[in-house]
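A short reminder: the numbers here are calculations on the coordinates, not readings from a lab. The structure presented is a predicted model; accordingly, all values stated were derived computationally and were not measured. A quick note on method: Cβ atoms are made from the backbone with ideal geometry, for glycine too, and the neighbour counts reach across all protein chains shown.
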Amino acid sequence: MNWLKQVKQNGRNAASWTLSKLQTRMGFFVFSVLLVWAKTLFVYGADFRWMHVSTPLQVVLVIINPLGFTALVMALPLLFKKSPLFYGATIVLNGLMTTFLYLNVIYFREFTDFMSVNTMLTYSSVNQGGKAAGAVSFDWLDIILWIDLIVLIYLLFRKRIKMDRQFIPKRRVASLMAAGFCFIMANLGVADIERPQLLTRQFDREYLVKYLGLGPFLGLDAYNTFTTSQVRKSARPEEMNQVKKYVDDNYAGMNVDYAGKAKGKNVVVIHLESFQQLSIDRRVNGQEVTPFLNSLYHSNDSLSFDNFFHQVGQGKTSDAENMLETSTFGLPQGSLFAKLGSDQTFQAMPAILNQRAGYSSAVFHGNNGSFWNRTNVYKNMGYQNWISGNYFNATGKRATAWGLKDKILFKESIPYLEQLPQPFYAKYLTVTNHTPFEIDKEDQDPTFQTTNSGSKYIDNYFVTNRYLDQSIQEFFNYLKKSGLYENTAVVLYGDHYGINNSESAELAPILGKDANNWTDLDNVNEQRTPLIIHIPGLQNGGIQHTYGGEIDVAPTLLHLLDLPSKRYIQFGQDLLSKDRDQLVVMRNKDWITPEYASISGTIWNTQTNTIVEKPTKEQEELFDKLQKKAREKLAISDTVNQKNLLRFYHPEDFKNVNAANYNYEKEATMKRLQKASSAANSSSLLAQKQWKSTANLYETNAPEETGK
Ligand code: GP9
Ligand code: MN
């Protein structure tokens, strides 16, 4: 029993050592900081599951990130001279920080997300969509968060901790705070190395908390919320008049040869991650890289576009999604989804199609639901179902760094897809063809030999292109086998470039170009992405050469579905319209037309790939006009979004979406879908098949599914 005595003795020694250190103000401060730090780490691990840390540097960042902010805040009470004030304020601050931590724990258990300033202010409205407030799950381990406070208060009352009357000079407090601040800055610097543009792009709340900690995240969020609310406060309903006039003047009409060609059909939008036009019809070592996509591209049943440009800014995928759903631009900085999406009034495709033509809707994606703030945005857009990474087993070899592999996503989406009432509007966001374009050997096509370009990105890119191509082919095979194909229009588009401009030296020879003569215009041209609208039975499709971009997809699709788009505030024009002006405006204010392009202020001749050195007077006038038009388009779109002007605008047959009506929890979603598709008059595929699942019709060669 000696060892037991020893343990007890050690315990007593540690307690009295701690107690002796606690007798000074500095000791009390340091101890309080360490306690809050330890509690934060406990929560990071026990509740936030370490926020998917994956590299050693991320581990270090997660461990140190609570320190700077906690020290900075906890140093404030040191400024009090009177000891009861110092001790009281320290306890209160510890209590406040613990409450904040605990609120986040509760919120996270319900929403798998962190509390933003907005959600704190409007928690009740958000909560209606989820479980009832009373159903919040408590855990007995939660007590750990509060024990220290109880013990400290007890020790102070029993005078086991004697209040130190000696106050700390202001200069020392200031240097302590400065040290805390420097720590935060250093943390930020290191985080930026691990995740460049973290602050400007603000991908995901989880990223911000993982890299910077809860405190700085809240500070940043408070700043965003404040600046946004200032801008929004200044908005007046009359501002919509000018916007409406602009949109009316820019309306290009529709093309009667195509209008209504997809009327009443289901719509599947397939977002081809980082997929560029340069891969279409590309042969590498004598083999087509994407034979299936090429066949769709050349089909008479497809409207394919070879001068289609991505127009994203820093919001990348989320900007592309925003343009396709709303035909408004992303923001000049950061992601609209992340910055404004939580309380934006959207007049977006899922709601429009639902209200005007009875479409149900769903998004399928293999990454976390909170990435790019999608959970909040999709509710505001009126998406009925959001089937994200946590619906699937996305562990081990089943996923890449960006989530569930595409072949598995498509296959495992079927039990949900077949239950959607028809017509449906379903979006698939693929991820496997995402930089750094790495997939397991087993997933690579052994018959395909990629380039040996000198750039690992390019060589890998074609390999994941091939994987993407096969996954789309498998999905199409299923559509045909299940009978969905005939009644479904499929829109496929590349969201933005995958290969950086910095790889042009290695890319040029693959495209049959001379790297030494590579121009800025080549960079822009190389950033074209494909758009293929495949409508079975269309027959008069073909490759369209009109210049356009992502902003134009929504009006094009609406017209194909026979839904006039004129009433909406959209900045794109129907790509099939004969009267469209072919001015493609990039998010950085560059623009391109079939004749000219403006790149960082230099004008190029699009046809000859040369700089217009000496413009004529007419040319100068034309360039000025185009420049003005491009800027005006972006500026008006930005005003609409930043000021949230659509809340003042009520298009015919459109009711504003209420986010509280949507619930994306897995269980609730499964129940909802089951209920809808089991009704006697259900229009779901499952009901059409007498409730015999079509999931077994899906064939994939994904090794994770076949067990090979
Ligand atoms: C993440 C995926 C990638 O969920 O959509 O986004 P990106 O990095 O391309 O913007
Ligand atoms: Mn993307």
In order through region 639-647: 3J(HN,Hα) via Karplus (6.51 cos²θ - 1.76 cosθ + 1.60), integer Hz, x for Gly, Pro: 4, 4, 6, 5, 8, 6, 5, 5, 5
Sequence of HIS52, HIS559 once ranked by neighbouring C-beta atoms within 10 Å, starting from the fewest: HIS52, HIS559
Cα-based Kirkwood hydrodynamic radius, region 9-231, one decimal, Å: 19.0
Estimated FRET transfer efficiency when R0 is 45 angstrom, pair VAL190-LYS617 (beta carbons, to 0.05): 0.25
Gyration tensor (alpha-carbon) shape descriptor, region 247-380, a/c threshold 1.5: oblate
Pairwise label distance in nanometres, THR447 with THR395, each label 7 Å out on the Cα-Cβ vector: 3.5
Efficiency of FRET from Cβ geometry, ASN516 and ASN540, R₀ 45 Å, rounded to 0.05: 0.55
Packing rank of 261-271, 399-409, where each peptide gets the mean count of other beta carbons within 10 Å, highest leading: 399-409, 261-271
Distance between region 579-613 and region 250-326 - C-alpha centres, whole angstrom: 21
Virtual spin-label span in nm between SER600 and MET670, 7 Å along Cα→Cβ: 5.3
Net lengthening on full extension, PHE100/LEU41 (0.36 nm per residue, minus Cα-Cα): 19.8 nm
Estimated dipole of the chain in Debye, rounded to 20 [Cβ of Lys and Arg +1, of Asp and Glu -1, Cα centre]: 4040
For region 349-420 versus region 190-242, the gap between their alpha-carbon centres in whole angstrom: 24
Diffusion constant of the chain at 4 °C, which comes from Stokes-Einstein with the Kirkwood Cα-pair radius and 1.567 mPa s, µm²/s: 46
Residues in region 237-262 reached by a label modelled at LYS566 [backbone nitrogen below 11 Å; 7 Å Cα→Cβ]: 248-249, 251-254
By average C-beta atoms within 10 angstrom, highest first, the peptides 516-524, 59-67, 307-315: 307-315, 59-67, 516-524
Angle between the chain longest axis and helix 56-74 axis [Cα atoms, degrees, rounded to 10]: 50
Beta bridges by DSSP in the chain, antiparallel share as percent, to the nearest 5: 45
Two-site FRET efficiency, PHE648 against ARG109, from Cβ-Cβ distance with R₀ of 51 Å, rounded to 0.05: 0.85
